[in-house]
Amino acid sequence: MQRKNVFGKPEDCNEVLLHACCAPCSSAIVEWLLKHDVRPTIFYYNPNIWPCEEYNIRKEESKRHAESLGIRWIDGDYDHEDWRQSVCGLEGEPERGRRCEQCFTLRLTAAARKAQELGICYFATTLASSRWKSLDQITRAGLAAEHAVNTEGLAPSGSAAGGFPAGVTFWAQNWRKGGLQERRNQLLKEYGFYNQQYCGCEFSANGMVSKTVLRQQMREAKHQHAAQLPAWSAEICEHLYSRLTTHQTIMAYWPLPDEVDIRPLLDRLVAEGRTVLLPRVVDDTTMQMHRYTSPADLTEGAFHIMEPTGVPFNQLAEMTVALVPGVAFDAAGHRLGRGRGYYDRFLAICPHIYKIGVCFPFQRVALVPTDQHDVVMDE
């Protein structure tokens, strides 16, 4: 077998098993491979990603990308607890430390095994496209995976075991070169990919950005996904309706253009005779609830948000559920708002209300920076 060249395509390579960490990192690499007559098979194996919601979002984006190009895509197993065991004792390591190299080795060994199983001689990884990763660590991990799988796969006589090829080779390409990083950024916008905000595991998420930076990142993500927002809103409305069957008095919101559009849901609930309440800003610190009957009863209020008119609704004990918009949410229910604290202050005086955070898929993140006064969602 032709030995790989770190800076170019191996001469005898026309097929590769490409371990993919995400769709954005895969996009330019896949494009390059196809242009250079190399057929990629995408292997999505990333048990490090946390939480499960984040994993599923990244997985579906990778699958969508492969399907759009007619490329074979393989789903690896997701066992985060097994991954945790593999890095046990390394939790305190810094980024680019020993934990990262152990993580790379685990994932690339699985990729090497899959390549051997499929009879594909070369395997590579999109991890080598990230400027946040150590290329030396990735190369060592890939070569360790190559050695481990080739040793496993050889019978004592040196012949191939189980009908598999005698060996697989790690293609240690530096995918940051040749304009691929710039092309990645272009394709991210063209495809409207979900662009994650951290490496993947909970340890990398501990270094999450500030609220200000996360708000900026979510604004950019909404712009990237603008064409998908109406369809997502319709799906979310149907899901919310199924969650509200037992509730008669419902606190909701009138959406801003970049929020989940629940207006059809509000009118549906009103038509059924249910009490729908919307907030109205009273002053710099306070909002109160007013009954919503139709769009004709709304007027533009603070922050250009449409607000209900009429007398305030003060029977707060009757409210049993609240639909709460947000900029981002994490799996623990922490919510990032727009920074003025109206919802946190109001919901703090209504602890009996079941709180449902409403957002688009890409607004679910691993960890939302929190302050003591932030109210946690129930769902």
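The values are calculated or read from the model by the stated rules, or taken from the named source; none is laboratory data. These numbers come from a predicted model, not from an experiment. Here the Cβ positions follow ideal geometry from the backbone for every residue, glycine too, while neighbour counts run over all protein chains shown. Note: accessible area is taken over every heavy atom of the protein model, side chains too, but ligands, DNA and RNA are not part of it. Shrake-Rupley method; radii C 1.70, N 1.55, O 1.52, S 1.80 Å.
Of note:
- Dipole of region 285-375 [Lys/Arg +1, Asp/Glu -1 at C-beta], most positive-end residue of Ser294, Tyr343, Leu316: Tyr343
- In terms of distances greater than 28 angstrom between alpha carbons, the cross-link table entries Lys63/Lys211; Lys63/Lys177; Lys189/Lys355 yield Lys63/Lys211; Lys189/Lys355.
- Surface composition of the chain: carbon plus sulfur atoms contribute 51% of the solvent-accessible area (1.4 Å probe, protein chains only, all chains present).
- Long-range HN-HN contacts of Val168 with modeled amide H, under 5 Å: Asn150
- Amide H within-cut-off set for His290, under 5 Å, with H built and near neighbours excluded: Leu278, Arg280, Phe313
- When Arg335, Arg113 are compared by accessible area at a 1.4 angstrom probe, the order from most to least is Arg113, Arg335.
- Heavy atoms of Lys114: accessible area, 1.4 Å probe, square angstrom to 10: 40
- Debye equation applied to the C-alpha atoms of the chain, log10 I(q)/I(0) at 0.07, 0.08 Å⁻¹: -0.41, -0.51
- Distance from the Cα centroid of region 337-368 to that of region 290-312 is 21 Å (rounded to whole angstrom).
- Mean accessible surface per residue for the chain, computed with a 1.4 Å probe while every protein chain stays in place, in Å²: 46
- Rg ratio for region 1-112: its Cα radius of gyration over 2.2 N^0.38 Å, N being its residue count, equals 1.16.
- With Cα atoms, 0 to 90° folded angle of helix 229-243 axis to the chain main axis: 70
- Expressed as a whole percent, the proportion of Cα-Cα pairs in region 169-325 lying more than 21 Å apart is 61%.
- Region 244-379: Rg to Rh, with Rh as the Kirkwood radius over Cα pairs: 0.93
- For region 300-307, the Karplus equation 6.51 cos²θ - 1.76 cosθ + 1.60, evaluated at θ = phi - 60°, returns couplings of 6, x, 5, 6, 6, 9, 6, 10 Hz by residue, with Gly and Pro reported as x.
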